[in-house]
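Below is one structure; the comments refer to it alone.
The values are calculated or read from the model by the stated rules, or taken from the named source; none is laboratory data. What you see is a predicted model; the values in this text were computed from it and never measured. Note that we place each Cβ from the backbone using ideal geometry, even for glycine, and neighbour counts take in every protein chain shown.
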Amino acid sequence: MENQKGVRLDKFLWAVRLYKTRSIAADACKSGRILINGYPVKSSRLINIDETFMVKKNPVIYLYKVKELLSNRVGAKLVENYIENLTSEEELQKLDLNSKVTFVRRSKGTGRPTKKERREIDKLNF
């Protein structure tokens, strides 16, 4: 909609509702969870139409393509007009896999898990 050369990445991520606040989107860029062409980018980078970017949200790596630019937040129903989700089915199945993992049973009275046991439980949960 907007006739400009680009929009700041953190502002765009916030506007299309990938992150709740702009500062959270900026933190995601700073920590390397947003990739363009396989490289982490700064939150001040300008993003353009037809550009693809990856968003790492454990355990899934989402892939999006920019359809239109915008700088103001839009309603959830309008998001599909601005970005296209190109995430593969294999990646999306990782979400189902996490929900299907059952809780590890521990004997009653054994107390809280030790640090070592907690690591093993976390490995099972990916």
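Taking the condition of being of a type in the set (Asp, Glu) and either in contact with a Phe, Trp or Tyr (Cβ under 7 Å, 6 or more places away or on another chain) or closer than 21 Å to residue 86 by Cα (or both), how many residues in segment 1-53 meet it?
Keep residues of segment 1-53 that are of a type in the set (Asp, Glu), which gives 2, 10, 27, 50-51.
Filter again for either in contact with a Phe, Trp or Tyr (Cβ under 7 Å, 6 or more places away or on another chain) or closer than 21 Å to residue 86 by Cα (or both), leaving 10, 50-51.
Adding up the residues that qualify gives 3.
Could you please find all residues in segment 25-53 being among the polar types (S, T, N, Q) and surrounded by fewer than 17 Cβ atoms within 10 Å (Cβ to Cβ)?
Step one: of segment 25-53, the residues among the polar types (S, T, N, Q) are 31, 37, 43-44, 48, 52.
The answer is 31, 37, 44, 48, 52.
Of all the strands (runs of 3 or more DSSP E) wholly in segment 1-119, which have at least 2 residues that are at pLDDT below 90 and touching a Gly at 6+ places or on another chain (Cβ under 8 Å)?
Values: elements: 34-36, 52-57, 60-66, 83-85.
Output list is empty.
Identify all residues within segment 15-24 that are surrounded by fewer than 15 Cβ atoms within 10 Å (Cβ to Cβ), closer than 17 Å to residue 70 by Cα and not charged (D, E, K, R); write none if there are none. It would help to see each step written out before you state the result.
In the first step, residues of segment 15-24 are kept if they are surrounded by fewer than 15 Cβ atoms within 10 Å (Cβ to Cβ); the result is 20-21, 23-24.
Still in the list and also closer than 17 Å to residue 70 by Cα: 20-21.
Once the filter is applied, which keeps residues that are surrounded by fewer than 15 Cβ atoms within 10 Å (Cβ to Cβ), closer than 17 Å to residue 70 by Cα and not charged (D, E, K, R), segment 15-24 yields only 21.
Considering only segment 65-86, state which residues are without any contact (Cβ under 8 Å) to a residue 24 or more places away in the chain and exposed (fewer than 11 other Cβ atoms within 10 Å of the Cβ). Show your work before the answer.
The first filter runs over segment 65-86 and keeps only residues without any contact (Cβ under 8 Å) to a residue 24 or more places away in the chain, leaving 65, 67, 75, 77-78, 80-81, 84-85.
Once the filter is applied, which keeps residues that are without any contact (Cβ under 8 Å) to a residue 24 or more places away in the chain and exposed (fewer than 11 other Cβ atoms within 10 Å of the Cβ), segment 65-86 yields 75, 77.
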